[in-house]
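**Q** Before anything else, here's the structure in question.
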Amino acid sequence: MKRVYKITLLFGISLLAASCHNNKAPNYQYFPNMYESVGYETYAESSAFKDGKEGQLPAAGSINRGFEPFEYENTTAGYELAKANLKSPIDSLDRNNGKGKELYEIYCISCHGAAGNGKGKLVEREKFLGVPSYKDRVITEGSIYFVVTYGLNSMGSHANQVSSHERWLIADYVLKLKSQL
C-alpha cells in the first residue's frame, strides 16, 4: 500500500511539473529591466532629470554632510569682525591637553617655525618669504581661527585638513607661542 502512495505522489509531482511548461508561451520574466537594461552614454542628456540636464543641483539651503557653516564671510571686514568678536568655545581642560601643539607641529611649523617667529624650514630654504612672526602681529583667537579657516595672503585655507575643534586648538596654541616671544 505504501508503494502505491509513493508511485501516486511521484506521478502527481511529475504531472504538476510537466503541466507548468508550455512551449508556445514563454515563462514570466521577473524584473525584466535587469535582463534587458537600457544602455546610457556617459554624460549624455537624459529624460531622468529636469530640462534634460546631466544632473541636479542640491536643494537650496542644503549643507554638505560634516560641514560646519562659518558665519563670517571671507573678506577684510569679515576678518576684522572675527578678530573683534569671535571667541573660542573650548573649555580650559581641553586647551591644556597638548593636542594643539601636535596639530601646530603637523600643519604650521614648516612655515611659522617652532617658536612662532616665522623661521620654519620652508622659510629657511627660501620656498616662502615674508612669513610674519607672531610677536609683530596684533592677533586674537578669532583672527587666528579665521586665517586658518580661509587663509590669508600666501597661506592657504586649512579648513579641509583640520576640523573646527582642531582649528580652535591651534589658535589657542598660537596665542601661547605669542606670549612666550
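The values are calculated or read from the model by the stated rules, or taken from the named source; none is laboratory data. It should be emphasised that the depicted structure is a prediction, and the values quoted were computed from it without experimental measurement. Here Cβ is always computed from backbone atoms with ideal geometry, including for glycine, and neighbour counts include all displayed protein chains. With ligands, DNA and RNA removed, areas are computed over all heavy atoms of the protein, side chains included. Shrake-Rupley method; radii C 1.70, N 1.55, O 1.52, S 1.80 Å.
**Q** Quick one: helix 164-180 against the long Cα principal axis of the chain, what's the angle to the nearest 10°, folded into 0 to 90?
**A** That works out to roughly 20 degrees.
**Q** With a 1.4 Å probe and all protein chains left in place, how much accessible area per residue does the chain have, in Å²?
**A** With all protein chains present, the chain gives 79 Å² per residue.
**Q** While we're here: Leaving out ligands, DNA and RNA, what percent of the accessible area of the chain is carbon and sulfur, probe 1.4 Å?
**A** 55 percent
**Q** Something else: Report, in deg cm²/dmol and to the nearest 500, the calculated mean residue ellipticity at 222 nm for the chain, where each DSSP H run with n ≥ 4 adds -39500 (n - 2.57) and the sum is divided by the residue count.
**A** Computed mean residue ellipticity for the chain: -12500 deg cm²/dmol.
**Q** Hey, what angle do you get for helix 2-19 against the long axis of the chain, alpha-carbon based, 0 to 90 degrees rounded to 10?
**A** 70 degrees
**Q** Still on this model: Could you tell me which residue out of L103, T8, L81 lies farthest along the dipole of the chain toward its positive end? Charges go on the beta carbon: Lys and Arg +1, Asp and Glu -1, centred on the Cα centre.
**A** It is T8, whose Cα lies furthest towards the positive end.
**Q** Related question: Rounded to the nearest 0.05, what FRET efficiency is calculated for S37 and A60 with R0 set to 45 Å and r the Cβ-Cβ distance?
**A** 0.85
**Q** Over 20 Å between C-alpha atoms is what I'm after, so list which of K119/K178; K101/K127; K135/K176 land there.
**A** Listed pairs above 20 Å: K101/K127.
**Q** Set the Förster distance to 35 Å, then compute FRET efficiency between T8 and Y30 from the Cβ-Cβ distance, nearest 0.05.
**A** After rounding to 0.05, the efficiency reads 0.60.
**Q** Among (1) 1.23; (2) 1.04; (3) 1.49, find the value of Rg/Rh (Cα atoms, Kirkwood Rh) that was calculated from the structure presented, and write down its label.
**A** (3)
**Q** Using only Cα atoms, find the angle between the long axis of helix 141-150 and the longest principal axis of the chain, and express it within 0 to 90 degrees, rounded to the nearest 10.
**A** So the helix axis and the longest Cα principal axis differ by about 50 degrees.
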